[in-house]
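Working notes, beginning with the structure itself.
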Amino acid sequence: MKIIDRKTGKRLDEEEKEHKSTLKDNDPIIRDVDKDAEIDENSPMDPPDAYDANEVEGVAYEDMHSLLQNYMDEHKVAVNKIKEFEKALAQFKELGYKLNDEINTSFSDFFQFFDNNLMDHNQREEKELFGLLHKRLIESGEKGEGDNPQTAVDMMEDDHIKFIQLGALAFNMLGLATRLQDERSRTFVNDVAYNNGRELAELLHLHIYREDKILFPLAHKLISTEEFDAMN
């Protein structure tokens, strides 16, 4: 049965398609999607893959400026550290939240790397790259709507803040648990630390993927070699 909107004279299913098309056109994250394709509805039992974001193709690592290559090289080191942290977390839970020398060393190594390397990496990205890239993304139309449009840079900066919050929570909870005498309380605090640690690791993986596959290739296309040299 065809249901007609009296105000527009259009069928409701046609209006819904137009609305979806408008959302796609205005969303900077999915701007490169085929404009004629339907947006599939996602079931709670079949959520969208966070890594399904549109990669910026045609930009090889070898073609990028050394500044971007350096960021990506640091990402490779970080990924290995994150994986070791995830293994230690899994073992920690399997042992009923019992620490041993191997787990303790892995936790210590990760949080030292987090403080000394990851935080420095994020600050350099924000200071050297993000300001100009945000401007260029807006100029190129890769932005949201409104008087103060957001870009992918805003998402990355939000992630940087979440890293600090989750890292502090996981570290402090692990330290607190060792000082608790009550077993139930200690288990509860360790469980919170474990969940925060897992969330931190997953967010770091996704963040690195988005920078390597989307943000840095966009930067390569929108920023000149001379401007990159000035950043260095």
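A compact table of results
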quantity: Under the Karplus curve 6.51 cos²θ - 1.76 cosθ + 1.60, θ = phi - 60°, whole-Hz ³J(HN,Hα) for the stretch 72-82, x wherever Gly or Pro sits; calculated: 5, 4, 5, 4, 4, 5, 4, 4, 5, 5, 5
quantity: Projected label distance in nm at T187 and N148, using a 7 Å step from Cα toward the beta-carbon; calculated: 4.7
quantity: Chain lengthening between T225 and L95 when straightened (0.36 nm per residue, less Cα-Cα); calculated: 41.6 nm
quantity: Listed residue (L206, M155, S185) projecting farthest to the positive dipole end of the stretch 60-231, Cβ model; calculated: S185
quantity: Whole-Hz ³J(HN,Hα) from phi, Karplus 6.51 cos²θ - 1.76 cosθ + 1.60, for the stretch 201-214, glycine and proline x; calculated: 4, 5, 5, 5, 4, 5, 4, 5, 4, 5, 5, 5, 9, 10
quantity: Unsatisfied cross-links (Cα-Cα over 22 Å) in the set K83/K221; K127/K162; K87/K127; calculated: K83/K221; K87/K127
quantity: Residue-span extension gain [M155 to E126] - 0.36 nm each, minus C-alpha spacing; calculated: 9.2 nm
quantity: Relative contact order of the stretch 60-231, pairs being alpha-carbon contacts under 8 Å that are 6 or more residues apart, as %; calculated: 29
quantity: Under the Karplus curve 6.51 cos²θ - 1.76 cosθ + 1.60, θ = phi - 60°, whole-Hz ³J(HN,Hα) for the stretch 167-181, x wherever Gly or Pro sits; calculated: x, 5, 4, 4, 5, 5, 5, 4, x, 5, 4, 5, 9, 8, 8
quantity: The stretch 60-231 - convex hull of alpha carbons, volume per residue in Å³; calculated: 123
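Each value in this text was obtained by applying a stated rule to the coordinates, not by laboratory testing. Keep in mind the model is a prediction, meaning the values are calculated, not measured. No Cβ is skipped: glycine too gets one built from the backbone with ideal geometry, and neighbour counts run over all protein chains shown.
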